[in-house]
Amino acid sequence: ITYLIGNGFDLNLGLETSYKNFYNYYLKLPTENIFIKRFKEDLSENIDTWSDLEKEIGEYTKKFSKAESKEFISLIDDIQDALAEYLKLEQDLFDPYIPNVNLIYDDLFNPGKYFTEKEKSYIETFMRKHKDSVYELEVIIFNYTNTFEKIIDWKGRRITASSHSGSSRSYENVIKNVEHIHGTVDKDMLM
């Protein structure tokens, strides 16, 4: 089972992790750099069109000459550092109250519970075909935050979350891996 987790996950948890939330934070940060000041002015004038930071920064490159490439890189570094700071603040605000993590594990290994009857039937048929094996779950996270890890108490190594019945014995349900493909606020952040 593979889950793909994006920013909707953090937004649903109540974190203010949209780019617009970040922009409001970023625009208030002081700077002496003329290129960053100019960028912030442009951003504040057009903030409603900046829903996709990466795309808009790509468009913004047109405002820099080849001779200004170092200044552009400084701007990108400034944005990325500020984004990491901001998301870390939001991440640190999140304190999951999990009365029973086993309920979460049950949901993770029974994804069909929330699907339509047709989809549910398909998944249950697939799972029955593989009932005599360990169920392994992998999570690919596009977010920079660690909220999912907090919820499942992930310590960087596989978790035996529960088990399921096979034909003649029980098999483990294992959370095998949680991978941040764009890095985290603390490490290897890639915009």
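When only C-alpha pairs under 8 Å and at least 6 residues apart count, what is the relative contact order of the chain, in percent? Display every interim value, and only then the final one.
Values: 207 pairs, mean separation 49.3, N = 191.
Worked out over the chain, it gives 26 percent.
Using only Cα atoms and rounding to the nearest 10 degrees, what angle (0 to 90) does helix 34-45 make with the longest principal axis of the chain?
The angle comes out near 70 degrees.
Counting other Cβ atoms within 10 Å, which chymotrypsin sites (Phe, Trp or Tyr not before Pro) in region 81-171 have at most 13 and lie in a DSSP loop? Please report the intermediate quantities before stating the final value.
Values: sites: 86, 94, 97, 105, 109, 114, 115, 122, 126, 135, 142, 144, 148, 154, 171; in loops: 94, 97, 115, 142, 144, 154.
Taking region 81-171 and a limit of 13 other Cβ atoms within 10 Å, the loop chymotrypsin sites (Phe, Trp or Tyr not before Pro) found are 97, 115, 142.
To the nearest 20 debye, what charge dipole does the chain have about its Cα centre, counting +1 at the Cβ of each Lys and Arg and -1 at the Cβ of each Asp and Glu? Don't skip to the end; give the middle numbers.
Values: 24 positive and 34 negative charges, 138 e Å.
Dipole magnitude for the chain comes out near 660 debye.
Express the carbon and sulfur contribution to the solvent-accessible surface of region 54-119 as a percent, rounded to the nearest whole number, probe 1.4 angstrom. Each step should come with its number before you reach the end.
On the way: 2430 of 4440 Å².
Within region 54-119, the accessible surface is 55 percent carbon and sulfur.
Distance cut-off 29 Å, Cα to Cα: go down the list 40/88; 55/118; 118/155 and report the pairs above it.
Numbers: 40/88 21 Å; 55/118 37 Å; 118/155 36 Å.
Beyond 29 Å between Cα atoms: 55/118; 118/155.
What is the pair-distance distribution P(r) of the chain, computed from all Cα-Cα distances in 10 Å bins starting at 0, with each bin given as a whole percent?
That works out to 8, 29, 26, 18, 12, 6, 1, 0, in percent per bin.
Would you mind working out the accessible area per residue for the chain, using a 1.4 Å probe, and quoting it in Å²? Walk me through the numbers on the way to the answer.
Values: 11860 Å² over 191 residues.
Per residue, the chain has an accessible area of 62 Å².
Which shape class applies to region 55-147: rounded if a/c is under 1.5, otherwise prolate when a/b exceeds b/c and oblate if not, where a ≥ b ≥ c are the square roots of the Cα gyration tensor eigenvalues? Walk me through the numbers on the way to the answer.
Numbers: a/c = 3.82, a/b = 2.20, b/c = 1.74.
Judged from the Cα gyration tensor, region 55-147 comes out prolate (a/c at least 1.5, a/b above b/c).
Can you list residues from other chains, or at least 5 along the same chain, whose modelled amide H is less than 5 Å from the amide H of residue 161?
173, 174, 175
Please say if region 147-191 is rounded, prolate or oblate, where rounded means a/c under 1.5 for a ≥ b ≥ c the square roots of the C-alpha gyration tensor eigenvalues, and otherwise the choice is prolate for a/b larger than b/c and oblate otherwise? Display every interim value, and only then the final one.
On the way: a/c = 4.41, a/b = 3.06, b/c = 1.44.
Cα axes put region 147-191 in the prolate bin.
Do the sum for the chain: with -39,500 (n - 2.57) for every DSSP H run of n ≥ 4, divided by all residues, what is the mean residue ellipticity at 222 nm, to the nearest 500 deg cm²/dmol?
Working: 8 runs with 87 residues, N = 191.
My calculation for the chain gives -13500 deg cm²/dmol from helical runs alone.
If we count every other residue with Cβ under 11 angstrom of residue 161's Cβ, Lys/Arg +1 and Asp/Glu -1, where does the sum land?
Values: positive: 158, 176; negative: 106, 107, 136, 153, 172.
My count for the surroundings of residue 161 gives -3.
As a test, work out the antiparallel percent of DSSP beta bridges whose residues both lie in the chain, rounded to the nearest 5. The partial results should precede the final answer.
Details: 6 of 17 bridges.
Percent antiparallel among DSSP bridges in the chain is about 35.
Of 154, 79, 123, which is farthest along the charge dipole of the chain in the positive direction, counting Lys and Arg as +1 and Asp and Glu as -1 at C-beta?
It is 123, whose Cα lies furthest towards the positive end.
The values are calculated or read from the model by the stated rules, or taken from the named source; none is laboratory data. Values in this document were obtained by computation on a predicted structure and should not be read as measured data. Positions of Cβ are generated from backbone atoms using ideal geometry, with glycine treated the same way; all protein chains shown enter the neighbour counts. Keep in mind that these areas ignore ligands, DNA and RNA; they rest on the heavy atoms of the full protein, side chains included. Shrake-Rupley method; radii C 1.70, N 1.55, O 1.52, S 1.80 Å.
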